[in-house]
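Note sheet for the following structure.
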Amino acid sequence: MTAGGSRGFDARVAHPARVYDYWLGGKDNFEADRIAGEATIAAYPAIRASARANRAFLARSVRYLAEAGIRQFLDIGTGLPTANNTHEVAQSVAPDSRIVYVDNDPLVLSHARALLTSSSEGATAYLDADLRDTDRILKLAAGTLDFTQPVAIMLLAILHYIPDTGEAQRIVARLVDAVPSGSYLVISHAASDISPEQMAEMIRRMNEHLAEGNHVGRTRDVVARFFADVDLVEPGVVKVTEWRPRSELEAEGPTSLWGGVGRKP
């Protein structure tokens, strides 16, 4: 759920994947994560609902892609296992789906077995790697995925831990360049232009507790530029709750994230 230098495990310092787990009501977090979680909730009370909305966006987008014929998924910034993980959604539609998960939190690695419960027809794999080490991710993922066939690149709630926008754009471009025509790019990203004052304070408080203090929000226009090399699927870059929602109630839910799906021509 994060990007940054490889670090050893330290329960005394908050980690994005574990704070996110706390927002979702999970148990795989420590006191430092809970303190960060409560500080951010105080600044932006809807953050818990927004985290749930991000998971729902993941499930809807993966189902959409599986139904569109995608059978390979590269999920970078996986986070701690929870309900409706990528392989569970994809393999419920197409049991032969192949998924590679990538994260750099040692706690996520310790729970990786929960992500490796593939159907017999498909496959799942887990890589302990950092988003910035893009070439290594692609090299190792090729052990499970066939990069001559379409792949869905999943970058949910991770690019906002790459504070340099140019670097984030180069990472996305490198990933998209590595997959063939017919592949997809899925992104969700913290917004700086949804509830801007609350979000600015939430991000400030989050960064007080993170080792790297590298969380940033971006505007919808900047997030849309990450899709420069793909064709956006309708409805484009929207609040994650508004991306092909299952109901009007879901569409109207609170969120602090932009999201979108694009297809490589």
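Need a quick list: helices (runs of 4 or more DSSP H) entirely within the range 26-94 having at least 2 residues that are closer than 29 Å to Lys264 by Cβ. First the steps, then the outcome.
Details: elements: 31-43, 47-67, 86-93.
In the range 26-94, the matching helices (runs of 4 or more DSSP H) lie at 47-67, 86-93.
If I filter the range 39-50 for residues that are closer than 30 Å to Arg263 by Cβ and buried (at least 24 other Cβ atoms within 10 Å of the Cβ), do I get at least one hit?
Among the residues of the range 39-50, at least one is closer than 30 Å to Arg263 by Cβ and buried (at least 24 other Cβ atoms within 10 Å of the Cβ), which makes the answer yes.
Here Asp21 meets each of (1) of a type in the set (Asp, Glu); (2) open to solvent by 50 Å² or more (accessible area, probe 1.4 Å); (3) under 14 Å from the mean Cα position of the chain (by Cα) with one exception, condition (2). Counting just the residues of the range 59-108 that are over 20 Å from Phe147 (Cβ atoms), at pLDDT 95 or above and hydroxyl-bearing (Ser, Thr, Tyr), which one comes out surrounded by the most Cβ atoms within 10 Å (Cβ to Cβ)? So, considering only residues that are over 20 Å from Phe147 (Cβ atoms), at pLDDT 95 or above and hydroxyl-bearing (Ser, Thr, Tyr), the one surrounded by the most Cβ atoms within 10 Å (Cβ to Cβ) is Ser61. Where helices (runs of 4 or more DSSP H) fall entirely within the range 158-242, those with at least 2 residues that are small (Gly, Ala, Ser) and open to solvent by 10 Å² or more (accessible area, probe 1.4 Å) are at 165-177. Scanning the range 255-265 for residues that are within 18 Å of the chain's Cα centre (by Cα) and assigned to a loop (DSSP other than H, G, I, E, B) returns Thr255, Ser256.
The values are calculated or read from the model by the stated rules, or taken from the named source; none is laboratory data. Predicted, not measured: the structure shown is a model, and the values here were computed from it. Note: ideal-geometry Cβ built from the backbone for every residue, glycine included; neighbour counts use all protein chains shown. Only protein heavy atoms, including side chains, enter the accessible area calculation; ligands, DNA and RNA are left aside. Shrake-Rupley method; radii C 1.70, N 1.55, O 1.52, S 1.80 Å.
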